[in-house]
Structures are given as structure tokens and as C-alpha cells.
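> Submitted below is the structure of interest, expressed as C-alpha cells.
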Amino acid sequence: IHISVASAKALASLSRREACNVVRVLRESGNHVMSSLVTEILLDIDEAEATSFIVEILTNSLNPSTNASSNYINQARLQSITKSIPLPLKQRMIHNKQHDGREEVQVCNLQLDTSVAELMQNQTLAEAALSCISRRIIQQSRTVEKQFCLGKTSVNVRAYALLSYFMNLGESSSKLGSTFEDTISAIHILSQFITQNFSRSEDQKESTMDEFYTLLLCTTLFIIVQISASTAFCNTERAEKACLECLRYILFHPVSMNTTVVAARVAIFVNKLNTMHLVRFLLQSTVNGIPVSEEKIAVKSDICHWLSSRFESRQLELVQNKVMSVEYVLYDATVFSEMMAQNDAEQSNGLDHIIQTILGDPDKCHQLVQQSKVSEFIRGSAKWTCRKKRPHIPLVLPLELERLSRKLWADLGSGKKVPSDFMQFVLQLLYAFSFLEEDPVSPFGINPRTFPLKESLHLLKHSDIVAGSDDGASMLYKTLKQYILHHCPDLIKKIERNQWLILDNETVSPRDCFVTPMKVCDAINDCMQKSTTDPTGVRAEKLFLASRSTYPSATVDIAVVGTILATVNRYQPKIVSYVALCKDPLILLQARAAVWKCKGLRRMIIRVLCDLMSANESIIMKDSTSQSAALRYLTARDSVIFRCVLFVCSSTSVLSSNSNEEKSSTHCSKCVGLLRSIASGRRGVIATLVKQGLPQSSVDFLVRFVPESFQDASELLSLLSEKDVVPLIERLVAASTALSICVTNSSRGEMTAKILLSASLDTLVDGFHFMITPLGLPVSVFRDEENGQDITLMCKEATFHMITTLSKINPTSILRKDAIAYMTKIANLCKSENVAGGASGTAALKRKNLLKGIWDLCDSSCKSLGDSLR
């Protein structure tokens, strides 16, 4: 390596042209290839280019991601560079052709990690570069009144700031004392020039000199870092005095609101003795906001402690208090948020007034949303409130938020566009969420379900300020969505879960828009009249959907439920709040049969019921101490709903109406959709209902329209195997339903269906003697002790139903062979019982006829499967 460096130096010393070629070749190979050599050559031939090169390599070193992405060199690029270089220079390149591409990349990565260390280890070169840049700054300060070039001066000041910071990490020489003093004097002159010639008005937010002002401030502080860390300066007192005068002037003479915020942040860091945050802020400001990694921040002296001992705290407070006003918070709330996080909440009541002023003014809220840190400001405000002594009283009370919500949606319902106070509502809602997160047991916390969260999120997503705005409104949307997912996840997840609800929605026509909930209630009452103009309830359903598209769905739902459950023929709401309805969705099952007969009203109940079930599930899962207990409750709840809706669907008397559509199809698509949704989403519901027993009409409907019932096959198998727990009669009735589910839906899992078929038919064989009763006794001798139900009749019906079900098996199914084997076994049992004889009379004759009927049915079923009894 030393020989290569010496060769490159010798080649560069031949002429200026050769020196430029060497620099070009090394820079095309990556800025971190012999960076100290490139810097040394550039200082001799082009000081301006040397300054830019120093800025580039030092900036890249602060951000590893930028560094790696900009300096990775592959073999293809290296070959293209080689081909473009003339032959004589190609022969003199510092390049080992014996290495393959992978080895060259590894060498480059190693140089990438050590490039800055290589430059700083060469103390003479680093001091020469610093002196060169200092000389250029001093020269520009002397001619600033006649000729001022902002671009060149900014590059020089930026290079000096970065080089001063990195030299602090190494060993600096005592010769730099006069260099720092002369440079700080030049910076002072430049700062006076921009403040006097580019003075700002009170309402000027930004200036063309903002970046340059920040560079001057950062450079001054990096020089102070050097001075405070070194004891070798012979002119320490003069240098300190010059630095403090320059720093004081820059802090008290910003050129815009933007630079006032920068000065205030520096004052806060110094006043709070937060050196690490100050140095990070200075580095990021010097490199135009590029993120700086933690390992790159290191200083030898505590600059904040050094400055605080030489600055009066009152002076620093004057600088930071300049931005503690509503106007500055609306421009940049960063300093205000930092003050809230650091100050004592009991002694800073002025901050409360600023927050209340902003949240209480729609225009100011709209202006605040333009900032990227708006979410941090709102969260910080809630944390600020909760840092006070209890009881914590929020700056936005729940009743005020509810009042604003009602006013907002009243304006939307009247046909107005999104009102100006919508952003005010969103910010206050976000503050209330943040307060609830900080103090969940406070009596002033909100109940999220009392507010139109889903509608607010939808309006925020599609509002003009989000569509054409920067990161502020987008972050506001993401933050609000996170809170909703935490407190009311069903409002977002149910959109995907209940897609079947919107498959066949009627389109809302423009003339149906802006329908108030009261109009929906009147339409529902009209459906219940004998002389109604809307017997099917379709018009009422359209008005219901139109009202939901404008007003919050919770407001419309509570009005609809109150009307449907009214005992008299007018609107009398029985439900206190939507929250109470979410906690007990089974209340909707109290609706009269006349409501279920009306197509439109029935579909409205199903839609509201689905929303309430999703909300109830979220509440139960969140409030329950045990997840298993919550799941048992939800299974029981869904079982009740499933049984009731299944009865409605299977009862032709309930679904019958005057419409031709209902006569031709005795099932409701919404009801079937609800049943299928429950069966697919809640394991164990079908098994629970089968164990409890279902009417045969309900079983037939379940088997025909709810194929998801097969998902409970494992639970049904467990039920049939519980011989010591479940009585045989109950297992036999359950086996009849399980067999129907198995045969109809065997395509969903033939192996599982085969196991379930065997378990069901084994139960039938075990209960065979309960059906035929002992010899010489009446057929109906067995009865239930509790209700006196004829057990023999139950077994007989289950047996005949199961054998009939076997005849419906597809002849190509793998179930065919097992079905025939079991029917042969049952037929043999009938034959053996019939042969036993030994009795006569009416009872024996009935028993014989029963056995013959079973044998004939088995024979018929076997023939339908392409076989016969042997």
C-alpha cells in the first residue's frame, strides 16, 4: 500500500494534468479509495474542489446507508472505467489484476470503514485542510460587502464545521488557536452581514439565508467544542470571548421564523445540559437533515455544561421563549413539544393556554395539520396533562367532543361539504385517545364507541388536505387508525370479514341522499301497518342504507333498533346507548315475527346484528381476564344467534310473504350469509347445536345451505365418542345430524368424512336395541323421565333418517363401501332378531314389522348405491 501511495504521489507531481488524472481515477473507483491522498493532491491543485471532496466524504461517513450505497463498486463498473482511460494511464493505475472482483469489493469496503480515520490520522494533512478552509472563509468575509457568493461560502463553512467536529475526535495541535480565533471572527462578520442585509419581517416564515444561518451557528458551536476540549491554546481567553460574542449575536438575531426555531432548540439543549442531543442536532443540520447514527456521535467535552457556565440562564430562556407562542407552534411545534416533555407541568400553565387556543380554533387546527409532527404534538399534549397531580382533567372534555361531533355530522347530513371544523374534531379526538392511553382509569376518559370512528377515518382518508398534503395529515391518519385498531379493531377488520353483506346491496340513488334517521324510523313503522305501501320493506331498507352513507352508522342503528323493538306503533327507543347495545347484541332477537317476515326489515336486522356481534367480540376479548373464558362465551352467544336465525330460515311460515321472490325461494340470502359466517368463524357452534338437538327441518336447512358446518367434524367426533358422559339416545340423535353433514359435504374432506361416517353408524349399531325394545314389550316402552318423550320413537326416526341418508351417497365416493358394510350389518341384526321369535300378539307383530321395514330400507339404500344385501 505504501508503495502504491508513493507511486501515485510521484505520478501526480509530474504535472497538473497528471495530478488531475490520478484524482479522477481514484474518485471514479470510490471516494474512499486513498481519501487522504486525494485530499492532499486537491489541496495543491484546486482548493475549492478539495473543500467539496471533504464535505462529501465526511457527510457520507455520518450515514452508513448512504455511504454503502454510494461506494459499492462491482466488477462491471470497474471494467467500464478501465476501458474509458487512455492506454498509458491504464498501465499506471493502482490496480492488482490478479485479484478477482469479489476480493476488490472486500478491499473497497475495508477502505470505506477506515477512510475518515485515515484522513484524521494524518494530523498534518487535517490541519492543513482546516487552515486552507479557514483562509477561504476569512477571505470571503473581507469581501462580503462587495461580492458575496452564498454557494461557495456555504460549502466552505460546512466543510469547516464537519472538519472541526472530526478533529475533536483526534488530537489537535496548539497551532490551531489563532486559526480558530480568526475563523470565528470571520463567521461573526458573515452573521452580521446576513442579519443586517436580509432582515425579516414579523410574518416571514423562511428566508434564503436560513441554511447559511444554521451553518454559521453549527460551525460556531463546533469551534466551541474544540476550545472547551483543549488546554493547549495560548490564546484561549481571546478565542473563548470571540466565540461567545459570535454565538450570542447569532442566537439573538435570527433571519426568519425558521431560524428562530433553530436558535431556540439550541438554547433548550444547552439549558437542559443535553449534550448528546445537541451534537446530533448540529450534525444533522450541517448535513441537511441526513440521519446520523448513534455510534457517530462522540465528543470529548461537555459543551452544554461549558456554555451554561458562561451564559446566563435568563438569556437562554429569552431565546427559547421566542417560539413559545401560538404563531410559532403553528409554524413548527418541535420546540413546543420538547418543552412539554422537559418542563415541570405544575409550573408551566402557559403551555395549557396555547394548546387550548389551538384545539379550540378550527382554522388553527387546519394549519397545525400541515406539520409533519402534528401527531407528536397531540400525544405530547396529553402526556403533559397527565404529568400533573391527580385528578387529571383533560383539555378536551368528552361532552365537548360529543357536542362537536353532533354538530359536524348534522352539517354533513344537511348536504354540506366537509366542514372546516372537521380537522378540529380529528385533533380533539386524537387528544382524547392519547389521554385515554395515558390515564385509562380517569373518569374523564372517553368511550371510543360513542364517536363515529369509522366515518371519521374514512373522511380523513379522502379529504383534500390528506390527498394533496405532506406527511402531517398522513401521519394523523395512521395514528388515528392505530388507536382505532387498539380500542375498536372490529370497525376496521369487519370490513373484510363481512364482505358478504355488500354483495347485493341496492345502489343508493341521489334522491335518497341525506336521509335522517327519523325518516328511516317512519319508513319502518309504515312497513308494520296493515295498509302499508311498502309490504316487503325494500323502500325502508334503501332509506336505511342511504342514511348510513351520510350519518354515523351507530346513530342510525340505534334509531332502527329502537323502532323495531318498540311495543307500540311509534318510535320508542328502548336502548340507552349504542355501547349498551354492543355489550348485548342478543337484544335484537326479541324482534317480533312480523319483522322477520318483512324482507327489508329482516335484512336490516341482519346487517345491524353483524356489526354488533363484531363489536361485542372485541369488547369481550379485551375485557375478559381469560381468553378461554371469552371464547366459551362467544361460542354460547353465537350458538343462540345461530339457532334463532336457523329457525327463521327453516320455517316457511316465517319467510312466507306476498312477494313472488319469497314464494319461489324459501331462504334469505342475508340470513344464510350470517349462518355461514358464524359456522366458518366460530368452531364448536355446530357441535353445540347438534348436541342440544335440532328440529329435522332445521337440520335439513343446515345441511343444504351451510356447507361450513363440516368444519366442526372433529368436534362432532368428540361428541360421539363421549360414551360415558353423553347418553346413548342423545348420541344417536346427534349421529343422525352428523351423518347428514358428513354425506352432503364429504367433498370437503373425504378421509374426515369417512371417520365421521363410521362413528355415526357405530352409534346407530349401539342404539339398535333401544329402537326395537326387548322381546315381548311394547315398542314405546322407553320414555324420558323429565319430559316423558318417547325414546323409542326418537331412535326409530333417527335410524330411518340415517339409512335414508346413506342412500344419498355418491356411488363414486369412498364412503360407498363403508356404507354398504354397515347397512349389511344392520340388516343382519334385523334378521337375527326376527329369527329369535318366541312371542306372539300385537307387540310382537309391530316389532316384526319394524324389523322388516328397517331391512327393506337397508336393501333399497344398498341398491341405490349399486349393490344389494347378501
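> Put Met209, Met276 in order of accessible area, largest first, 1.4 Å probe: what do you get?
From most exposed to least exposed: Met276, Met209.
> Quick one: length gained pulling Arg17 to Val579 fully straight, 0.36 nm per residue minus the C-alpha distance?
194.1 nm
> Shifting gears a bit: Among 454-462, 810-818, how do they line up from the highest to the lowest mean number of other beta-carbon atoms within 10 Å?
With the highest mean Cβ count within 10 Å placed first, the list reads 454-462, 810-818.
> A follow-up question, please. Roughly speaking, what is the stretch gain from Tyr249 to Lys817, that is 0.36 nm per residue apart minus the C-alpha to C-alpha distance, in nm to one decimal?
Going from the current span to full extension adds 194.6 nm.
> Something else now. For Lys622, project a label point 7 Å along Cα to C-beta. Then give me every residue of segment 362-381 with its amide nitrogen under 15 Å of that point.
Label zone hits: none.
> With r as the distance between the Cβ atoms of Lys205 and Ser154 and R0 = 25 Å, compute the FRET efficiency 1/(1 + (r/R0)^6) and round to 0.05.
Approximately 0.75, to the nearest 0.05.
> Quick check: residue separation of Glu797 and Lys417 times 0.36 nm, minus the Cα distance between them. What number comes out in nm?
Extending this stretch completely gives an extra 130.3 nm.
> Cβ neighbours within 10 Å, averaged per peptide: list 419-425, 255-261 in order, most packed at the top.
Descending mean neighbour count gives 255-261, 419-425.
> 7 Å from Cα along Cα→Cβ at both Gln192 and Ala410: what's the point-to-point distance in nm?
Computed distance between label sites Gln192 and Ala410 equals 6.4 nm.
> With a 10 Å radius around each residue's Cβ, average the other Cβ atoms per peptide and rank 610-619, 721-730, highest first.
Packing order, densest peptide first, comes out as 610-619, 721-730.
> What pairs in Lys152/Lys205; Lys416/Lys478; Lys416/Lys481; Lys825/Lys852; Lys754/Lys825; Lys272/Lys383 have C-alpha atoms more than 23 Å from each other?
Those over the limit are Lys152/Lys205; Lys416/Lys478; Lys416/Lys481.
> Follow-up question, since we're still on this one. Take the alpha carbon gyration tensor of segment 235-316, find the square roots of its eigenvalues, order them as a ≥ b ≥ c, and report rounded if a/c is under 1.5; if not, report prolate when a/b exceeds b/c, else oblate.
oblate
The values are calculated or read from the model by the stated rules, or taken from the named source; none is laboratory data. A quick note: this is a predicted structure, and the numbers were derived from the prediction, not measured. Positions of Cβ are generated from backbone atoms using ideal geometry, with glycine treated the same way; all protein chains shown enter the neighbour counts. Heads up: the accessible areas ignore ligands, DNA and RNA and are worked out on the full protein's heavy atoms, side chains in. Shrake-Rupley method; radii C 1.70, N 1.55, O 1.52, S 1.80 Å.
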